[in-house]
1. Residue under question is Gln341, and the condition is that it be modelled with pLDDT under 85 and surrounded by 14 or more Cβ atoms within 10 Å (Cβ to Cβ); does it hold?
2. Can you confirm whether region 288-304 contains a residue that is assigned to a helix (DSSP H, G or I) and of a type in the set (S, T, N, Q)?
3. If a residue must be farther than 19 Å from Ala26 by Cβ, surrounded by 20 or more Cβ atoms within 10 Å (Cβ to Cβ) and among the charged types (D, E, K, R), how many such residues does region 313-330 contain?
4. Of all residues being closer than 18 Å to Ala378 by Cα and among the hydroxyl-bearing types (Ser, Thr, Tyr) in region 317-348, which is nearest to the chain's Cα centre (by Cα)? Just the residue, please.
5. For Leu353, work out the one condition from (1) surrounded by 20 or more Cβ atoms within 10 Å (Cβ to Cβ); (2) closer than 24 Å to Met48 by Cα it doesn't fulfil.
6. Where residues in region 120-145 are β-branched (Val, Ile, Thr) and either in contact with a Ser or Thr (Cβ under 7 Å, 6 or more places away or on another chain) or part of a loop (DSSP other than H, G, I, E, B) (or both), which of them is surrounded by the fewest Cβ atoms within 10 Å (Cβ to Cβ)?
7. Of all residues in region 219-246 being surrounded by 14 or more Cβ atoms within 10 Å (Cβ to Cβ) and not aliphatic (A, V, I, L, M), which is farthest from Tyr269 (Cα to Cα)?
8. Could you list all residues from region 166-197 that are of a type in the set (S, T, N, Q) and either part of a loop (DSSP other than H, G, I, E, B) or loosely packed, with under 15 Cβ neighbours inside 10 Å (or both)?
Amino acid sequence: MSTSTRASHGLKVGVDSTKAASQSQAMWRFLNNDSVTPGALVEPLQQMVREECAHSGSAFVLVVHDWCKLDFKSHTSKKDVAQITHKHDIGYELMVSLAVEADQGIPLALIAANLRTSKQVHSTMKSAPKAKVGHLGQIAPVMDEVEQMGLGRTPVHVIDREGDSLGHFRQWSQKKHLFLVRCDDRRVKWNGQSVLLSEINEQLDREVSFKRAGKAKFHGVSVRREVAEVEVVLDNHHKTRIDGKQKDIHGEALHLRAVFVRLVDNKGYIVAEWMLLTNVPSSDADAATIGLWYYYRWKIESFFKLLKGAGHELEYWQQKTGKAILLRLLIASMACVYVWQLRRDESEAAAELRDHLMKLSGRLTKHGVESTDSGLLAGWQVMLAMLSLLENGATLPQLRRLAKAYGPPGI
């Protein structure tokens, strides 16, 4: 597989002498082979996470869950696309669970994925969710399977504010899953009083309870992180749908940690702030660590960007079914893993290779930035094409002669 452009929907010439059309046909057969399953293709990715966790110094591995829409409204050949929201919002709905190293926030690999079409949900899991299951209904089965993967580290499931649901908090806690969720301004009990989380945040600010917790980047600018935490109780009823009717459920009271995180610029202004709820014990991770773990959640957004816009151009893939799209996505994810491994390799050989790949890619970077994921992907494909050409009969003098004969002056 290769990185793509919007005008190049198939495979480029690879490491043999076959043409791009032949390779595209071979890939079509592979993706439409009934014996090729998402579960089989995700296993190497899961194994890579096991190997990385075996060398990790942390007792935890973060599993970040998120959803994104794959826009295919202009692809009339796809007959199983779904209407996501309004009638012009057509495509597939993708859920990804990304393993992230807990100490430094390094993305490791995709370990689970669901792709919802108009007909069904294609999944890497042993039991795919039903097509009508909502976003949060997909989380608990993934949590259960992650526990069975034998990653070698305790998973902490990180979810954005869409995961702020008391009923699901109770469901996850009953199964002893650890979670970290960004929440809205919900009402909780604190010191025996019913208060809003925003009111707790304001009181902690007045009492100067926020402590410095290191540096972070906000829109490329260095800022400082500050954190504070309290223990709160969630004992309200939650709503759930039973036999098509919404009912109030009075579940057990949950004792959770409310962690407040804010980013402060060098002038003392708050540029961003989050309210987090977690059941991770304070003895295992202090407030600063919890805030840092949520900060690492952004890695999944970068992964989506790499798939959709900066590396693989996923929304321009021509496969005709959701299953084929998911299978190709899993293969593309393996290329992302390679890039992440190359970027964190501190050897001289890796640094030299990164330098060559960025030059071949032609991608620009900010001052002081050695490489980017998308640049390494693009440069690697150029290098593979060069090796293919040289290994199949072309010589450097021959290429130089042709370039001088037919190319612009000065070559």
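1. Spelling it out, it is not the case that Gln341 is modelled with pLDDT under 85 and surrounded by 14 or more Cβ atoms within 10 Å (Cβ to Cβ).
2. Looking through region 288-304, at least one residue is assigned to a helix (DSSP H, G or I) and of a type in the set (S, T, N, Q).
3. Residues meeting the conditions: 0.
4. My answer is Ser333.
5. (1)
6. Val133
7. Out of the qualifying residues, it is Thr240.
8. Gln174, Asn191, Gln193, Ser194
The values are calculated or read from the model by the stated rules, or taken from the named source; none is laboratory data. Computed from a prediction, not measured in an experiment: that's the story for all the values here. Methodologically, a virtual Cβ is constructed for each residue, glycine included, from the backbone with ideal geometry; neighbour enumeration extends over all protein chains shown.
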